[in-house]
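The numbers here are math on the coordinates, done by the rules we state, and not lab data. The model shown is predicted, which means the values in this text are computed figures rather than measured ones. In this analysis, Cβ positions are derived from the backbone assuming ideal geometry, glycine residues included, and neighbour counts consider all displayed protein chains.
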């Protein structure tokens, strides 16, 4: 009796002649992808019959080799641990050590950098260029409940934790999005996101593979290159973070009129554009709609749950809202005692469904604390208004308890961004003897604008009274950001301490 392959492998095998991946290296069919994945699986197995969930970490830029390696690890029965290509050695070492990886895979030109890290923690180093053995005579049976993927959280409240997903939870996430966003084999999507997070890996790459769609891959985001793809008019889908849309808008504004016109016309041809991974500023949504005619679809997800909520594919999309539960997902808002609250009342968002993760790797205490029964406690504060959910922020970072009030940092940030001289901002709370927490705002000014601290404080007193005036304001030349341009709030907090 033939072995049961991982679900995504079975889907790929059923559509061999279609183009799966396009990149600077060329176009690759699903048949080529399947064959390369089988070859990698054979090399990883070597004399074993099954990797039995062994963690295989891999540092490979987005593209054909990344995709084939992911699928090859799954075909061999292993658990895939994608490493961030942007991370410094210390962060890579944390993941390799914490995951107890048995193998680290990377291109040969990264051997000097990664082989010592692998050997220091008892892992073998394998160059992807050398994984060229013939496909294994037989591949293992891979049950749906087997551990398949470990992605690491951003670590905003401590060291990043390994979030473990099974083949079943990955399949549930993919099928939910394919249904909600009506993916088909006729779709063509551009990937400019990193693949060590759920946004790029599941929402873009895996959904495309599942649907038989073509994924055009750029190793990293570049505004001009991205606009070239959008202007060509042959894409149907695009997904990105708010910072990327902000940079695309800046690029469009700087382009000559004829280029602007080409970009508008090409982008208008897409059927769907999605924004996620951070709150989408209303002004970014409105400006993008002016340029492309698209109202960005905002959704909500986490490493632990995949995507949980989404604005509708068909129907009105409300700025500042993240929509309703996706197919197969249930959501509720509860108070501090765990009781469900009435619509219009703020509380913690909890989610349950087949896409929720299995566990935090080797951290049973954190796993237990993350659940209330079978409900996952997201740590996000939200409110249900007129049938849709609106996020107020992370309870650990964005909800500031000051003077007996719970204040949403995200709402203050949204107001600050309406100032014509402010390019970006970050609002945080820092400990304060009198207030419990002091509301602090750091703002980054636009290159062509000036803003004094006195001017900012006067404006804030007038505009932010309903949100509680920030008790500390600071103008800075640039705010600290991660590799995708998202402002790092814990780092901003240090400016006021």
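Annotations for the structure displayed:
- Isotropic mean projected area of the C-alpha convex hull, the stretch 114-267 (nm²): 13.3 nm²
- Efficiency of FRET between residue 18 and residue 97 - r from beta-carbon atoms, R0 41 angstrom, step 0.05: 0.55
- Neighbour counts of other Cβ atoms within 10 Å put 211, 184, 396, 79 in the fewest-to-most order 184, 396, 211, 79.
- Using R0 = 30 Å, the C-beta based FRET efficiency linking residue 144 and residue 367 works out to 0.90.
- Centroid-to-centroid, using Cα positions, the stretch 397-447 and the stretch 240-283 are 27 Å apart.
- Helix 223-232 vs. the chain, principal-axis angle (Cα, 0 to 90°, nearest 10): 70 degrees
- Straightening the chain between residue 476 and residue 253 buys 77.9 nm, computed as 0.36 nm per residue apart minus the Cα-Cα spacing.
- Fraction of beta bridges assigned by DSSP in the chain that are antiparallel (%, nearest 5): 60 percent
- Dividing the Cα radius of gyration of the chain by 2.2 N^0.38 Å, with N the residue count, gives 0.99.
- Share of pairwise Cα separations in the stretch 399-496, more than 18 Å, in percent: 42 percent
- Its residue count N fixes a reference of 2.2 N^0.38 Å for the stretch 273-390, and the Cα radius of gyration divided by that reference is 1.14.
- In the distance distribution for the stretch 7-142, Cα-Cα pairs more than 24 Å apart total 27 percent.
- Among 406, 161, sorting on how many other beta-carbon atoms sit within 10 Å of each Cβ, with the fewest leading, yields 406, 161.
- Degrees between helix 242-254 axis and first principal axis of the chain (Cα, 0 to 90, nearest 10): 80 degrees
- Sorted fewest first by neighbouring Cβ atoms within 10 angstrom, 86, 275, 24, 395 come out as 24, 86, 395, 275.
- Within the stretch 399-496, percent of DSSP bridges classed antiparallel, to nearest 5: 75 percent
- Residue-averaged [θ]222 nm for the chain, counting only DSSP H segments that reach four residues, each worth -39500 (n - 2.57): -9000 deg cm²/dmol
- Spin-label model, residue 453 to residue 295: label points 7 Å out along the Cα-to-beta-carbon direction sit 4.2 nm apart.
- Between 0 and 90°, nearest 10: helix 30-45 axis offset from the chain longest Cα axis: 70 degrees
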